[in-house]
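Scroll down for the structure; my scribbles are underneath it.
The numbers here are math on the coordinates, done by the rules we state, and not lab data. Just so it is clear, the model here is predicted, and its values are computed rather than measured. Don't worry about glycine lacking a Cβ; one is built from the backbone with ideal geometry, like all the others, and counts go over all protein chains shown.
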Amino acid sequence: MNLFKIDNLTKSFQNGEVEEQVLRGIDLTLNEGEVTALVGASGSGKSTLLTIAAGLQPASNGEVVFKGKNLTTMKQDQVRKIRAEQFGFIFQASHLVPFLNVEEQLMLMLDVAGSKMKKQEKKQEVERILKLVGMDHRKDAYPSSLSGGEKQRIAISRAIIHKPTIVFADEPTASLDSKRSIEVMQLIQDLTRSLNITTLLVTHEEEMLQYVDKIITMKDGLIQKGA
């Protein structure tokens with residue numbers, strides 16, 4: 001089933017007196033339970049496409065339709081609500097809150113997503129998710145004591161704790177060594193399939209593509225193949 005549909009999407013920026021067109025008419029669909037990778041050279045528009053799809057910046061023209069709802073015509077507070085409740089995010093840096101331990105990081109995400117669970121139920125859900133990613137033994141740890149790979153596992157846990165429909169991942173392995181990168185990509189693949197989450201991933205690392213279901217190549221703001 002098509003979860004996300006992007007139709008004739010364009011994005012331009014004003015650079016002095018020159019208008020630079022970053023996206024030049026993108027058509028794209030995302031299916032449930034799949035990992036889709038956006039690949040291409042730096043400046044091809046892949047990260048811009050991801051952030052527009054995620055509602056983090058507006059398009060110049062075109063439509064982003066999520067579960068039948070057109071995000072490009074919605075009020076910003078409506079988009080923020082959908083983003084908090086149904087989207088998850090993983091970035092190159094983990095962006096963990098330095099003064100919160102692992103359990104508190106995930107509890108905070110449940111609060112942001114508007115979870116109605118009681119405190120003890122939230123703790124039980126945190127424990128369950130941490131077990132899924134092999135980090136339940138680190139629930140009391142603070143970010144300063146975690147390795148890079150552990151931080152990304154916690155970032156992934158935070159992205160899925162509220163049961164999002166779709167996860168947006170922008171270069172999630174770029175700051176990791178090859179061994180940790182493979183572990184993180186295998187984890188993303190496994191969780192996408194086991195939890196039936198849709199993942200849109202930006203990467204420039206070819207060795208990571210063996211863990212995705214669909215590859216979309218971009219060049220100069222256009223999709224070259226894969227959509």
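So what are the ³J(HN,Hα) numbers for the stretch 112-117, from phi and the Karplus equation (6.51, -1.76, 1.60; θ = phi - 60°), rounded to whole Hz, Gly and Pro as x?
4, 7, x, 4, 9, 5
Which one, H137, N15, Q186, projects farthest toward the positive side of the charge dipole computed for the chain from Cβ point charges (K/R +1, D/E -1)?
H137
Given the -39500 (n - 2.57) contribution per DSSP H run of 4+ residues, what per-residue ellipticity at 222 nm results for the chain, rounded to the nearest 500 deg cm²/dmol?
The helix-only estimate for the chain comes to -10000 deg cm²/dmol at 222 nm.
With the dipole of the chain worked out from charges on the C-beta (+1 for Lys and Arg, -1 for Asp and Glu) around the Cα centre, which of T48, H95, A84 lies farthest toward the positive end?
A84
Exceeding 19 Å between C-alpha atoms, which entries from my cross-link table qualify? They are K81/K163; K118/K163; K46/K219; K5/K214; K81/K116.
Cα-Cα > 19 Å for no pair; all within.
Under 5 Å between amide H atoms, partner at least 5 residues away or on a different chain: which partners does I90 have, H built in plane at 1.01 Å?
F168, A169, D170
What is the fewest-to-most order of E19, E150 by other Cβ atoms lying within 10 Å of their Cβ?
By the 10 Å Cβ count, ascending, the order reads E19, E150.
With θ taken as phi - 60° and the coefficients 6.51, -1.76 and 1.60, list the Karplus ³J(HN,Hα) couplings across the stretch 176-193 in order, rounded to whole Hz; mark glycine and proline as x.
Working through the residues one at a time gives 10, 6, 4, 5, 5, 4, 5, 4, 5, 5, 4, 5, 4, 4, 4, 5, 4, 6 Hz.
Kirkwood-based Rg over Rh for the chain (C-alpha set), two decimals?
Taking Rg over the Kirkwood Rh, I get 0.97.
Got a sec to turn the phi values of the stretch 158-170 into Karplus ³J(HN,Hα) couplings, 6.51 cos²θ - 1.76 cosθ + 1.60 with θ = phi - 60°, whole Hz, x for Gly and Pro?
So the J values, rounded to whole Hz, are 5, 6, 10, 4, 8, 6, x, 7, 9, 10, 9, 10, 9.
Taking 0.36 nm per intervening residue step and subtracting the Cα-Cα distance, what contour gain separates D111 from H137 on full extension?
Using 0.36 nm per residue and subtracting the Cα-Cα distance, I get 7.1 nm.
Cut-off is 10 Å between beta-carbons; in what order do K123, K179 appear when sorted fewest neighbours first?
By the 10 Å Cβ count, ascending: K179, K123.
Quick one: which residues, 5+ away or cross-chain, put their amide H under 5 Å from the amide H of I215? H built at 1.01 Å from N.
It is A37, by chain and number.
What's the exposure ranking of R138, R153, R80, going from fewest to most Cβ atoms within 10 Å?
Taking fewest neighbouring Cβ atoms as first place, the list is R80, R138, R153.
Just to confirm the filter: which GluC sites (Glu not before Pro) across the stretch 24-76 are DSSP coil and have at most 16 other Cβ within 10 angstrom of their Cβ?
Answer in residue order: E32.
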